[in-house]
Protein chains: 2
Amino acid sequence: MPQQESPRDRRERDETGGGLHSRVLAELGPAIASGEHPPGTVLRIDELEARYGVSRTVVREAVRVLEAMHLVESRRRVGITVRRTEEWNVFDPAVIRWRLAGADRSRQLKSLTTLRTAVEPVAAGLAADAATPGQCRELTVLAAEMAAAGRAADLAAYLVHDIAFHRVVLEASGNEMFARLGDVVAEVLTGRTEHHVMFTAPDPEAVTLHVRVAEAVRARDAVAAESLMREICVGALRELDILAP
Amino acid sequence: MPQQESPRDRRERDETGGGLHSRVLAELGPAIASGEHPPGTVLRIDELEARYGVSRTVVREAVRVLEAMHLVESRRRVGITVRRTEEWNVFDPAVIRWRLAGADRSRQLKSLTTLRTAVEPVAAGLAADAATPGQCRELTVLAAEMAAAGRAADLAAYLVHDIAFHRVVLEASGNEMFARLGDVVAEVLTGRTEHHVMFTAPDPEAVTLHVRVAEAVRARDAVAAESLMREICVGALRELDILAP
DNA sequence: GCTCTTGAATAAGTACTACCAATGGGTGTT
DNA sequence: AACACCCATTGGTAGTACTTATTCAAGAGC
């Protein structure tokens, strides 16, 4: 019987997905995003060709992708220059993941969590108006499962349901842009768990808040949903300040 | 004397930037993003090769970029499939621009403006704490220039200063993610002006609000900055509802 | 007779190589 | 300081061989 693939596996798969060029990307991307090749560094195609043992074509495809992410700029007679950090497409989930795996993880985590503080409360408020009955039910179930995983101190299960919860809220907002931030939130939550920038056991306070958000959305109480979600986010921000000052 | 290149020119340049593959991208990207090739459509490399009169390599490089944006998925034996809209990287400035040029422009504009409503007020609040004296001065100057352009009914000048104003606020917030949303806001403002989803003359009310935001930031009054910016954004949202219901 | 497995045919992307074109930074000359 | 030239480096094309998913048909088993 074929084992069900986990979200993690899925992510891994379409990251290093079969293609050779993805393999190069999966090595070169993190190397740049983590500051191993600081801005201004010049890479040359032949060099990369040799380093990764692949053909020019493959390197060029990988470079094109990095170029689209504004991580590098390729110019004739010069080579492939690493761009200034401020130019990077930091909303690209791949870039987020690469940076989260790198050195200034906690700074990164903080700016992402600040973004969550701005976006998620508004999304929760909208969700209270727009969520379908199905989504309301999902939220209730997920909050309950978070509570159960919390009691069992099962971090992995907690993470899965936490991610799912926030994703449903963002989707239920009915706003496409918010919905797409589900991936970003997922990266943040996964990142802080994987890199141990989190309490060893889930915060019972946070669990309660999630349950209450689910209730508020089901009760169509937009202001409550918004302020409860704000509490969750500032809680996450505070937690970050304690654990990674 | 070499003419200073406008922001518009610069954008055009690194969009269709010299490279042949960028030319393909600049045609294929919008075609997909605007729904001309709806999700599920299958393209084949040879087909694109013929359509654009370029070599295989070039097409593949373009496809790689679209793949990184999650607009398409390339699979052996099947071809290049356009992905479901929900999978697209809608935060990529290029994707935003392409969609804004397409059919459901006003829906798109609305979801982006909702995003602004969530983010910009928070950014303004942070900016009130973190803006440098230089940034405070810039904001004051830009607000004044907006007022002047408004009085002169010079839409083009108004747009430039409006974009610059919001960009400075987002940068002054000190949060990297917010700062990068400057491009998104720029696309939105440009988009609504270019596609005439805007009053023919700038709203005097809005101008006043910008001036007051600049004052609040200079006075280090975070709550005022936040609520004033919120007024600007909900104003923009309301304006959209009136002009593109 | 129906379903499930097996395997061959095939179509499409994937990867490598070799070669020429274009361009722009560096250098040296006036 | 202006200009012309050179050549390193990326950009683009063509052809070829490889890999793998899908499809479909034939046969085995029920």
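Measure nothing fancy, just the Cα-based angle from helix A:155-172's long axis to the longest principal axis of chain A, in degrees from 0 to 90, nearest 10.
The answer is roughly 80 degrees.
Taking the Cα centre of chain B as the origin, how large is its charge dipole in debye, to the nearest 20, when only Lys and Arg (+1) and Asp and Glu (-1) carry charge on their Cβ atoms? If you can, show how the numbers build up before the last one.
Working: 31 positive and 36 negative charges, 138 e Å.
In total the dipole reaches around 660 debye.
List the residue from chain A whose beta-carbon is nearest to the axis that rotates chain A onto chain B, together with that distance in whole Å.
That would be A:F91, 2, residue then distance in Å.
Of A:T41, A:A152, B:Y52, which is farthest along the charge dipole of the protein assembly as shown in the positive direction, counting Lys and Arg as +1 and Asp and Glu as -1 at C-beta?
Sorting the options by dipole projection puts first B:Y52.
Given a 1.4 Å probe and every protein chain left where it sits, what share in percent of the accessible area of chain A is carbon and sulfur?
53
Note the angle between two axes, namely the Cα long axis of helix B:20-33 and the longest principal axis of the Cα atoms of chain B, as a number of degrees from 0 to 90, rounded to the nearest 10.
Tilt relative to chain B: about 80 degrees.
Just to confirm a number: summing +1 for Lys and Arg and -1 for Asp and Glu over residues other than B:F165 whose beta-carbon lies under 14 angstrom from that of B:F165, what do you get?
Here the charged neighbours net out to -1.
Using R₀ = 35 Å, calculate the FRET efficiency as 1/(1 + (r/R₀)^6) where r is the Cβ-Cβ separation of A:A144 and B:R107; round to 0.05.
0.50
Can you list the copy-to-copy distances for A:R220, using a point 7 angstrom from Cα toward Cβ, in nanometres, shortest first?
Its label point is 4.6 nm from the equivalent points in the other copies.
Quote the total accessible area buried by chains B and A together, excluding ligands, DNA and RNA, probe 1.4 Å, nearest 100 Å².
3000
Using only Cα atoms, find the angle between the long axis of helix B:105-130 and the longest principal axis of chain B, and express it within 0 to 90 degrees, rounded to the nearest 10.
Orientation of helix B:105-130: about 50 degrees from the principal axis.
Please report the net charge: other residues with Cβ closer than 9 Å to the Cβ of B:E61, K and R +1, D and E -1.
Its environment carries a net charge of +3.
For region A:131-214, what is the accessible area per residue in Å² when the probe is 1.4 Å?
40
For B:R99, what accessible surface area do you get with a 1.4 Å probe? Give it in Å², rounded to 10.
Number for this one is 10 Å².
With a ≥ b ≥ c taken as the square roots of the eigenvalues of the C-alpha gyration tensor of region B:165-245, please select rounded if a/c is under 1.5 and otherwise prolate if a/b is larger than b/c or oblate if it is not?
Oblate.
Let me have the relative contact order for chain A, percent, based on Cα pairs under 8 Å that are six or more residues apart.
On the way: 315 pairs, mean separation 47.7, N = 245.
With pairs under 8 Å counted, the relative contact order is 19 percent.
Within 12 Å, Cβ to Cβ, of B:L237, how many net charges do the neighbouring residues add up to if Lys/Arg are +1 and Asp/Glu are -1?
Values: positive: B:K110, B:R116, B:R192, B:R230, B:R238; negative: B:E120, B:E231, B:E239, B:D241.
It works out to a net charge of +1.
Under unit Cβ charges (Lys, Arg +1; Asp, Glu -1), what dipole magnitude, rounded to 20 debye, does the protein assembly as shown have relative to its Cα centre?
Its charge dipole is roughly 960 debye.
The values are calculated or read from the model by the stated rules, or taken from the named source; none is laboratory data. Keep in mind that this is a model prediction, so the values were computed, not measured. Cβ coordinates were reconstructed from backbone atoms using ideal geometry, including for glycine residues, and neighbour counts include every protein chain displayed. Note: areas computed on protein heavy atoms with side chains; ligands, DNA, RNA excluded. Shrake-Rupley method; radii C 1.70, N 1.55, O 1.52, S 1.80 Å.
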